[in-house]
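Taking it in order: structure first as structure tokens, then the write-up.
The values are calculated or read from the model by the stated rules, or taken from the named source; none is laboratory data. Note that the coordinates shown come from a computational prediction; the quantities given were computed from them, not determined experimentally. Note: ideal-geometry Cβ built from the backbone for every residue, glycine included; neighbour counts use all protein chains shown. Surface areas here come from the heavy atoms of the whole protein model, side chains and all, with no ligands, DNA or RNA. Shrake-Rupley method; radii C 1.70, N 1.55, O 1.52, S 1.80 Å.
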Amino acid sequence: MVRSRRCTADCAFSTTMTEADSSRLPLTGSVTVKVLIPNYLAGALIGKGGEELNIIRKQTGGIIKLSQNKAYYPGTDERVVLIKGRPDSAFALLKLVHSKIRTRKAPPIINGRPFNEIRLQQMKLIIANSTAGKIIGTGGEIIKMIQTEHNVKLFITNVDNPKEKRIQNERICTVKGDELSVNKCMIDLVERIASDEMADLDTNIDYPKCEDSDIIFG
């Protein structure tokens, strides 16, 4: 006899965790990372009356917060998600956000601009400068290795470019590839964030508003 099972949002979330093996991540310590998401995804992430966020917090044991409506990260037209928790919990939260980016239908026009579907293949993490150094490596050696190992493209904003140096001590790290490859790469990135004793990423998610003309990472 086969028993039927009602699959709620939290059940659906737990079944997706088998796709990328995060068992190597530490079960102690704390990781702080921020993620950029298109504004249209906010409702799917929050849920009615915050229901989805509550489910996510219970499932992972991590902290997840979202910036206010139209409170965008400087230089972008995207909102900020703060993620904090044990490395394994942080990855679980990142993976869920990634899944929503991949699966939620995007409107054709966002903030008066045509939506670029390449965005559906990307995760945009905000990391500390010191962590960026650990990901890039001397002469770009480590970032090349990560890209090859996980079959992804990694882009990190350049602190030497005055247009890109928008927030002190923060860099945008964009991971592009298929869903499984990006998830595997994020395990690697979370591990490097967790090992960065110099990282002091600010937990602030409310940034000064910028004009449309300031958007350079759309």
Neighbours by Cβ (under 9 Å, 6+ apart or cross-chain): first from region 49-61, closer than 19 Å to Val31 by Cα and β-branched (Val, Ile, Thr); second modelled with pLDDT of 85 or more and open to solvent by 40 Å² or more (accessible area, probe 1.4 Å): Thr60/Arg86
Name, by its number, the condition in (1) at pLDDT 95 or above; (2) more than 18 Å from Asp77 (Cα to Cα) that does not hold for Leu125. (2)
Given the conditions (1) part of a helix (DSSP H, G or I); (2) in contact with a helix residue (DSSP H, G or I) (Cβ under 8 Å, 6 or more places away or on another chain), which single one is not true for Cys173? (1)
Can you list the helices (runs of 4 or more DSSP H) lying wholly within region 61-168 that have 2 or more residues being in contact with a helix residue (DSSP H, G or I) (Cβ under 6 Å, 6 or more places away or on another chain) and among the small types (Gly, Ala, Ser)? 87-103
Can you pull out every residue in region 93-104 that is open to solvent by less than 10 Å² (accessible area, probe 1.4 Å) and either under 15 Å from Ile127 (Cβ atoms) or among the hydrophobic types (A, V, I, L, M, F, W, C) (or both)? Leu93, Leu94, Val97, Ile101
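Residues checked against (1) of a type in the set (Ser, Thr, Tyr); (2) open to solvent by less than 70 Å² (accessible area, probe 1.4 Å):
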| position | (1), (2) |
| --- | --- |
| Ile110 | no, yes |
| Lys124 | no, yes |
| Ser130 | yes, yes |
| Gly133 | no, yes |
| Ile136 | no, yes |
| Gly140 | no, yes |
| Gln147 | no, yes |
| Lys153 | no, no |
| Thr157 | yes, yes |
Could you list, in sequence order, the residues of region 103-154 that are at positive phi and touching an Asp or Glu at 6+ places or on another chain (Cβ under 9 Å)? Asn111, Gly112, Asn151
Give me a count of the residues in region 28-53 that are open to solvent by 70 Å² or more (accessible area, probe 1.4 Å) and at pLDDT below 85. 3
Which ones in region 62-77 are free of Cβ contacts under 8 Å to residues at least 40 places away in the same chain and within 14 Å of Val33 (Cα to Cα)? Gly62, Ile63, Ile64
Looking only at region 167-209, count every residue that is more than 30 Å from Lys70 (Cβ to Cβ), of a type in the set (Ser, Thr, Tyr) and open to solvent by less than 30 Å² (accessible area, probe 1.4 Å) and tell me the total. 1
